[in-house]
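For reference, the structure discussed in these notes is given below.
Please treat every number below as a calculation from the coordinates, not as lab data. Computed from a prediction, not measured in an experiment: that's the story for all the values here. A quick note on method: Cβ atoms are made from the backbone with ideal geometry, for glycine too, and the neighbour counts reach across all protein chains shown.
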Amino acid sequence: MQIDIIGAGALGLLFGGKLAASGVPVRFWTRTAEQAAKLNKEGIRLTEADGSTTFVNGKRLKAFPAGESGVPDRAAEWLVLTTKQRHIDAKLLSFLKQIVGPESKVVCFQNGIGHLELIGKALPGIPLYAAITTEGAKRLDECSVNRAGQGTTQIGVNRDMADLESHAESFVKLLVKAGFTALLSKDIGREVYRKLLINAVINPLTALWRLNNGQLLENDERMGLLQQLCDEGLHVYEAYGIPHDADMFNQIVKVCRSTSTNISSMLKDVQQGAPTEIDQINGKIVEMAHSKGIAVPGHEMVWRLVRAL
Ligand SMILES: NC(=O)C1=CN([C@@H]2O[C@H](COP(=O)(O)OP(=O)(O)OC[C@H]3O[C@@H](n4cnc5c(N)ncnc54)[C@H](OP(=O)(O)O)[C@@H]3O)[C@@H](O)[C@H]2O)C=CC1
Ligand SMILES: CC(C)(CO)C(=O)C(=O)O
């Protein structure tokens, strides 16, 4: 068994670190040679949600700069993609093509939509899985990660490859052994769109108003905008026949409550001066709406406002 983690950011360090600690051979592929060298030397410092800290010794993992170290002798069984969507460019796709082998499977952890189609096209015939996680991870430095909230991770087969579920089950078992709450989703497409709407409602508003998730519920004006973004999104889903739960608005309110002290990933990006995932979240809802001639003024406005930050 060999697992490749592509992107040693918050999620990559969390999942790769805990998998390595559980005894699975993990190879990290980083953007910079500096981070790879540091990971090999220092390992990973992981602070759990309860505040306890564990160290994953550098000898338990290997790290290489992506695209600069040649191709490994042995391809990994699992390639776990934990970059942001915007990092998936031609260079990264060409690197993925180089490191996949005939037995490799790819699992993608990105929020938003669009990446699965991109990777599916670049790696035809390679089994592709989506992961939807409610883990909350924050990278503190190149080798340190904070597990801000312990969540659930669902793994599922990308729709057109439904016969490959047994592999997903084996990946779920690895995650569970490593200390994650993980399960196989029979309908990951539904989960992808459920998470898309949650992110499309919560993330831009927290980023624009500089609020934590819980503060979105503090007055009727804010609640009114949450409701508008939710309703517009559901209108689009209905036009496309995308299955969704009847109580989506209540689910979004619950996520705000259960992650009330969280700084959303979009607000985090804005605070750090990093590009956000607005194009892959609200931008996609606007694109879908326009293709069907549906008006989504709320999504269009927050999309433009966040892009302009
Ligand atoms: N963090 C979380 O709790 C959650 C995140 N997600 C989703 O997971 C995805 C990853 O998020 P997160 O971990 O927070 O993001 P981060 O920005 O922390 O991590 C992304 C990592 O990818 C690296 N990277 C960029 N380009 C390349 C490349 N060409 N080759 C190798 N590595 C590369 C970056 O390197 P560098 O730092 O050097 O630029 C960075 O370490 C996002 O789509 C996010 O929406 C989903 C649920 C929860
Ligand atoms: C669910 C939510 C909004 C939790 O913060 C999230 O996924 C994010 O911040 O991107």
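Quick notes on this structure:
- Those residues of the range 101-119 which are farther than 17 Å from residue 266 by Cα and surrounded by 19 or more Cβ atoms within 10 Å (Cβ to Cβ), in sequence order: 105, 106, 107, 108, 115, 116, 119
- Residue list for the range 202-233, restricted to those being crowded, with 17+ Cβ neighbours inside 10 Å and either closer than 15 Å to residue 283 by Cα or within 16 Å of ligand 1 (Cβ to nearest atom) (or both): 202, 203, 204, 205, 206, 207, 213, 229, 230, 232, 233
- The residues of the range 1-11 that are crowded, with 24+ Cβ neighbours inside 10 Å and either under 12 Å from the mean Cα position of the chain (by Cα) or within 16 Å of ligand 2 (Cβ to nearest atom) (or both), listed by number, are 7, 11.
- Residues (crowded, with 16+ Cβ neighbours inside 10 Å and away from ligand 2 (no atom under 11 Å from the Cβ)) located in the range 264-279: 270, 278, 279
- Every residue from the range 252-263 that is crowded, with 16+ Cβ neighbours inside 10 Å and either away from ligand 1 (no atom under 14 Å from the Cβ) or among the aliphatic types (A, V, I, L, M) (or both): 252, 253, 255, 256, 263
- Any chance residue 97 is more than 11 Å from the chain's Cα centre (by Cα), more than 23 Å from residue 284 (Cα to Cα) and away from ligand 1 (no atom under 12 Å from the Cβ): yes
- Identity of the residue in the range 128-143, of a type outside the set (A, V, I, L, M) and surrounded by fewer than 18 Cβ atoms within 10 Å (Cβ to Cβ), that ends up farthest from ligand 2 (Cβ to nearest atom): 141
Condition check ((1) in contact (Cβ under 8 Å) with a residue 60 or more places away in the chain; (2) more than 22 Å from residue 88 (Cα to Cα); (3) charged (D, E, K, R)) across all residues:
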| position | (1), (2), (3) |
| --- | --- |
| 220 | no, yes, yes |
| 270 | yes, no, no |
| 274 | no, no, no |
| 279 | yes, no, yes |
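- All helices (runs of 4 or more DSSP H) inside the range 192-287 with 3 or more residues being at negative phi and in contact with a His (Cβ under 8 Å, 6 or more places away or on another chain): 220-240
- Members of the range 17-72 found to be acidic (Asp, Glu), surrounded by 14 or more Cβ atoms within 10 Å (Cβ to Cβ) and more than 26 Å from residue 92 (Cβ to Cβ), listed by number: 48
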